[in-house]
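Below is one structure, written out as C-alpha cells; the observations come after it.
The values are calculated or read from the model by the stated rules, or taken from the named source; none is laboratory data. Only a predicted model underlies this, so the values are computations on that prediction, with no experimental measurement involved. Neighbour counts run over all protein chains shown; Cβ positions are idealised from the backbone, glycine included.
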Amino acid sequence: MSLFKLYLMFLKIGSLMIGGGYSMLPLLIRELVERNGIITEDELTDYMAVAQCTPGVIAVNTATFVGYKVRKLIGSIVATLGVITVPTILIILIAAVLKPLMEYEIVEHIFAGIRLAVCALITASVYKLFRKSVTNVTTFVLFLLAFLFVAVGGVSPVFIVLGAAITGLAWGGLKKC
C-alpha cells in the first residue's frame, strides 16, 4: 500500500471521527478490514485494546499501530498524520468560531443529535465485535466480568485488558494440559 493511500484512508477516518475514538470503530472496520483487508477484525480488536491502555488518544494510537503493520515506522507516522489532520483543523475552527455560537439553543440541539448518532454507531460496532469474540460460555463470563468491572466498578480499562490477557494466557495453557 502506498503511503499516499494510507494517508488518505486515515484522513477519511479522521474526518468522520465525531464523538471520540470509539466513534471511528465502524469506519475502521469498513475501511481497514472489509474494503482494504489490511488487518483482520481480531487485529483491530487487539489494536483497540492496546490503544485503550497506552497513553494518548485511542484513534491516534490505533492509527499508529495499523500504520506500523502496513509500512513500519514511516507508515505509523503517515497514518497518524492522516487521522489527526481534520480533527486538528476542526479544533482550530471550533475554538475560533463555534465557542460564541454555543450560546444558541439550536447549536446545543445539533450536538445532542450528533451524540445520539455516535452512540448508535458505537453500539452497532460493539454488537458486531461481541458476536465475533464471545463464542462460548467462558468468553461470555469473561466479557460480563470485564463489563461489570468497568461499567459498575469503575476499574481502569488498563487493568481489565491486562487481566484479560493474563486470563487468556492461563486459559490457553490449561487447554494444552
In region 49-99, which residue that is among the hydroxyl-bearing types (Ser, Thr, Tyr) and under 14 Å from residue 15 (Cα atoms) is surrounded by the most Cβ atoms within 10 Å (Cβ to Cβ)? 80
Among 125, 156, which is of a type in the set (Gly, Ala, Ser) and in contact (Cβ under 8 Å) with a residue 40 or more places away in the chain? 125
Failed item, numbered, when residue 116 is tested on (1) in the same structural domain as residue 30 (by TED's automatic domain parsing); (2) modelled with pLDDT under 90: (2)
Can you report the number of residues in region 119-148 which are touching a helix residue (DSSP H, G or I) at 6+ places or on another chain (Cβ under 6 Å) and modelled with pLDDT of 90 or more? 2
Inside region 4-119, counting only helices (runs of 4 or more DSSP H) that do not spill past its ends, which hold 2 or more residues that are within 18 Å of the chain's Cα centre (by Cα), under 30 Å from residue 162 (Cβ atoms) and among the small types (Gly, Ala, Ser)? 41-53, 58-93
Condition (residue is of a type in the set (Ser, Thr, Tyr), in contact (Cβ under 8 Å) with a residue 60 or more places away in the chain and over 22 Å from residue 133 (Cα atoms)) applied to region 39-56: is it met by at least one residue? no
